[in-house]
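Input: a single structure, listed below in structure tokens.
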């Protein structure tokens, strides 16, 4: 199979559901941002030390392909895909709750950073938040799966908790914001 098709050479692309749209469309921007998030999770995973965190990131990367297909497929289109559902974001909530039981309570703001894996997780979290903002804007003009915005909101929370988990388990501490500096 060839990697290049030349179909996008005029600034258009096809959604998974078959419709042609401009490469500058908000929908393409949103699922492109999901792809970027997935890549950052892959980078973070390569730097993380904790095996539980690494395993969780691999599972999240697989789910992001499902989310990307969901976003790239209009519900009225020709193709049907597996969509993000309530059970997907509920699983993220469960994972957050389990991890938070092992972390000290958060009483102050922490600085994004720490060891490499955690720092990349903090970067991935910001990409997730941007993706969520793009999706919120898209939802105002097009029908999209409403479970996706909930999923991204929970995902950014989970990524934050994973960064804390990686820092505390591997480094023993987090850098707190010093508001008087």
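In percent, rounded to a whole number, the relative contact order of region 34-181 is 34, using alpha-carbon pairs under 8 Å and six or more apart. Separation of region 13-33 from region 87-157 is 23 Å, based on Cα centroids. Here the Debye sum runs over all C-alpha atoms of region 1-122 as equal scatterers in vacuum, and log10 of I(q)/I(0) at q = 0.16, 0.23 Å⁻¹ comes out as -0.94, -1.38.
The alpha carbon convex hull volume per residue for region 48-91 rounds to 67 Å³.
Between helix 26-47 and the chain there is an angle of about 40 degrees, using the helix long axis and the longest principal axis of the Cα atoms.
Radius of gyration over Kirkwood radius for region 52-168, both on Cα atoms: the Rg/Rh ratio is 1.00. Computed over region 1-92, relative contact order equals 30 percent, with contacts defined as Cα pairs under 8 Å that lie 6+ residues apart. Axis angle, to the nearest 10 degrees, between helix 86-100 and the longest C-alpha principal axis of the chain: 20 degrees. Dividing the helix sum by the residues of the chain, where each DSSP H run of 4 or more adds -39500 (n - 2.57), gives a mean residue ellipticity at 222 nm of -21000 deg cm²/dmol. When the chain is treated as a GNM with alpha-carbon contacts under 10 Å, the residue of 11, 42, 113 showing the greatest mean-square fluctuation is 11. When 139, 1 are arranged by Cβ crowding within 10 Å, least crowded first, meaning fewest neighbours, the order is 1, 139. Remark: 88, 24, 157 ranked as 24, 157, 88, counting other beta-carbon atoms within 10 Å and listing the fewest first. Between helix 51-71 and the chain there is an angle of about 20 degrees, using the helix long axis and the longest principal axis of the Cα atoms. Under 10 Å, Cα contacts only: if you run a Gaussian network model on the chain, which one of 119, 137, 163 comes out with the highest mean-square fluctuation? Sorting by GNM fluctuation, first place goes to 137. Using alpha carbons only, the radius of gyration of region 76-117 set against its Kirkwood radius gives Rg/Rh = 1.22.
All of the numbers you see were taken from the coordinates with simple rules; none came from a lab. Because the structure is a prediction, the values reported are computed rather than measured. A quick note on method: Cβ atoms are made from the backbone with ideal geometry, for glycine too, and the neighbour counts reach across all protein chains shown.
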